[in-house]
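Student: Take a look at this one; I'll ask things after.
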Amino acid sequence: MSVLRQMVARDPGEPHRAATQLELFFDLVSVIALASATAAFHHAISYGHGPDLLLNFCFMIAAIWWPWVNHTWFASAFDNDDAVYRIFTIVIMSGYLLFAAGATHILETMDFTYGLIGWIVMRIGMVGLWLRAAAHSPEYRAPALIYAIGLIIAQALWVVMYFTITPENANFIPIYVGIFVIELLVPVASGLVKGIPFHRHHVIERYGLLNIIVLGEVLLSISFMFGELYDGHFDWALVSAAVAGIVIVFCIWWLYFIEPDHLNSTQAHRVFLWGYGHIAIFLAGTLIAAGLGAHMDVLTDHSKIDLASANAYVGAAVAIYVLGLWAIRDHFGGFGRRGVVLPISGLTLIAAAFVGAQPWTIAIILMITLGLRIKLQETQ
């Protein structure tokens, strides 16, 4: 590691490009934020506030995911691992932590006072990195400057929104969505795909690692189920639900990684759909965790909802995960008959969610889905 080196673009065809220790360290902040938001929504479901806070939860997961996306794609193109790059990354992580610390508060109130400060700190680090890339890589100066300016404009809009619109205002949600759309358009405007040489295999690995982090939230909910046994709440229904949860998370993990080349094209529309479409998968994973937690609360008499309502969250979330995976990957894969497995499974899961099917019903649907997907992959 050098103290200072030129921030020139990395070779997109560089062999054996893998996630760095700093990137894995960066991911830990995502773990904290996702765990806080998921736990808060789990309790909201159990107390009957799930429908009221569902949109807030979606906003929170998107807000947690987006800083990760910004840093991941920049690192794929320009990570030179010198001291300045590391310091900027630590600055981003510091702001990310300030935002993550308020995940529960923001979810419940949409008051993002300190979260806004966290985002400003993150933007200082991120804009600094893009300006440095613009200074050191003349061939990518234009897209890097556009990206930096876009981040500044988006952040300025968040500040204006904070001081002019309260969460109770009817215009709060439309304006929130509008500014987030502007956020999403910044990489498009900068020509990120065509103008900046991201490393395809590196990005695939990074998204896969975040998926594992999200599925870790499901494992955490399952561990809480088993934890009830140590508190004297032995119940076969609870054990059964925990085992079903293990089957569910194992199946969706396998379905995600069954195709090693998730993104087999560098066409702009494909890359953006794959990169942005993952938000549905990550949201679904956290919803599965929250739904299983609510299921546990019903079984242990710590809930104000019935079992069917808790189960509906699990079934619907798994359906979103499966259909989202089809939309970003299998839809474009040219997989023949195995390409229709996930859509059929997703529709079946929606029906199961509608009737509040038990976790084992969801698990069985997923086992059949996985079995068919494996069988057709072997025979085609």
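The values are calculated or read from the model by the stated rules, or taken from the named source; none is laboratory data. These numbers come from a predicted model, not from an experiment. Quick reminder, even Gly has a Cβ in these numbers, built from the backbone with ideal geometry, and neighbours come from all protein chains shown. The accessibility values were calculated without ligands, DNA or RNA, using every heavy atom of the protein model including side chains. Shrake-Rupley method; radii C 1.70, N 1.55, O 1.52, S 1.80 Å.
Student: Starting from region 134-159, keep only residues that are within 13 Å of GLN6 (Cβ to Cβ) and at pLDDT 90 or above, then list their pairs with residues that are open to solvent by 60 Å² or more (accessible area, probe 1.4 Å) and among the small types (Gly, Ala, Ser) whose Cβ atoms are within a distance under 9 Å, requiring at least 6 positions of separation or different chains.
Tutor: What qualifies is ALA134/ALA142.
Student: Which of the residues spanning region 202-217 are over 14 Å from GLY277 (Cα atoms) and either surrounded by fewer than 21 Cβ atoms within 10 Å (Cβ to Cβ) or among the polar types (S, T, N, Q) (or both)?
Tutor: Across region 202-217, the qualifying residues are GLU205, LEU209, ILE212, ILE213, GLY216.
Student: Next question. Please go through region 339-360 and pick out each residue that is surrounded by 17 or more Cβ atoms within 10 Å (Cβ to Cβ) and either without any contact (Cβ under 8 Å) to a residue 24 or more places away in the chain or over 15 Å from ILE288 (Cα atoms) (or both).
Tutor: Initial filter on region 339-360 (surrounded by 17 or more Cβ atoms within 10 Å (Cβ to Cβ)): 339, 341-342, 345-346, 348-349, 352-353, 356-359.
Selection gives GLY339, VAL341, LEU342, SER345, THR348.
Student: Kindly check whether there is at least one residue in region 253-264 that is over 17 Å from the mean Cα position of the chain (by Cα), modelled with pLDDT under 90, in a loop (DSSP other than H, G, I, E, B) and among the polar types (S, T, N, Q).
Tutor: yes
Student: Still on this model: Take the conditions touching a residue at least 24 places away in the same chain (Cβ under 8 Å), over 23 Å from CYS58 (Cα atoms), of a type in the set (S, T, N, Q) and open to solvent by less than 30 Å² (accessible area, probe 1.4 Å) and apply them to THR286. Does it pass? Quick ask: steps written out before the conclusion?
Tutor: Working: touching a residue at least 24 places away in the same chain (Cβ under 8 Å): yes; over 23 Å from CYS58 (Cα atoms): no; of a type in the set (S, T, N, Q): yes; open to solvent by less than 30 Å² (accessible area, probe 1.4 Å): yes.
It is false that THR286 is touching a residue at least 24 places away in the same chain (Cβ under 8 Å), over 23 Å from CYS58 (Cα atoms), of a type in the set (S, T, N, Q) and open to solvent by less than 30 Å² (accessible area, probe 1.4 Å).
Student: If you scan region 1-50, which residues turn out to be polar (S, T, N, Q) and assigned to a helix (DSSP H, G or I)? Walk me through how you get there before you give the answer.
Tutor: Quick first cut of region 1-50, residues polar (S, T, N, Q) only: 2, 6, 20-21, 30, 36, 38, 46.
Within region 1-50, GLN21, SER30, SER36, THR38, SER46 qualify.
Student: Tell me, please, whether a residue that is under 19 Å from TRP254 (Cβ atoms), surrounded by fewer than 19 Cβ atoms within 10 Å (Cβ to Cβ) and touching a residue at least 40 places away in the same chain (Cβ under 8 Å) can be found in region 173-191. Before you say what the answer is, go through the steps one by one.
Tutor: Going residue by residue through region 173-191, those that are under 19 Å from TRP254 (Cβ atoms) are none.
No: region 173-191 contains no residue that is under 19 Å from TRP254 (Cβ atoms), surrounded by fewer than 19 Cβ atoms within 10 Å (Cβ to Cβ) and touching a residue at least 40 places away in the same chain (Cβ under 8 Å).
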